[in-house]
Amino acid sequence: MSAPKKQVVVLAGTRPEVIKLAPVVQALQANRKLRPAVWLTGQHTVMAGQMLEHFQLRADETFRISRQPGNITKLLAEVSRELARHLG
């Protein structure tokens, strides 16, 4: 009997992040011991989703944050709250 796969969360928020992380997710998918979970922060949901589609990937979770342009502090606080909620 084989051990269950360990989940690895890959967190991305923007189109460039998805482009950079897509090969990482694909490598994780090829690993028999790991199961990647792609989580989007909700920063640029449409553009990030389009890039995931391009790489034939999908988001397992999308955070619902209120994005205010130019306010990185509030963005980090909201993403941190969502991470805490999902990770327990």
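Details
- From phi via Karplus (6.51, -1.76, 1.60), per-residue ³J(HN,Hα) for region 69-74 in Hz, x at Gly/Pro: x, x, 10, 5, 5, 5
- Put simply, the amide H of residue 10, placed in the peptide plane, has neighbours under 5 Å in 37, 38, 39, leaving out anything fewer than 5 places away on its chain.
- Leading residue at positive end of dipole, the chain (Cβ point charges), from 4, 41, 88: 4
- Dividing the C-alpha radius of gyration of the chain by 2.2 N^0.38 Å, with N its residue count, gives 1.15.
- Counting lysine pairs in the chain that sit 8 or more residues apart in sequence, or on different chains, and whose Cα atoms lie under 23 Å apart gives 4.
- Karplus-based coupling profile of region 45-57, in residue order and whole Hz: 4, 5, 5, 5, x, 4, 5, 4, 4, 4, 8, 6, 10, with θ = phi - 60° in 6.51 cos²θ - 1.76 cosθ + 1.60 and x standing for Gly or Pro.
- Length-normalised contact order of the chain in % [C-alpha pairs under 8 Å, at least 6 apart]: 26 percent
- Mean projected area in nm² (Cα convex hull; one quarter of hull surface) for region 47-88: 3.5 nm²
Quick note: the coordinates plus some simple rules give every number you see, no bench work behind them. Source: prediction; values computed, not measured. Every residue, glycine among them, receives a Cβ derived from its backbone with ideal geometry; neighbour counts consider all protein chains shown.
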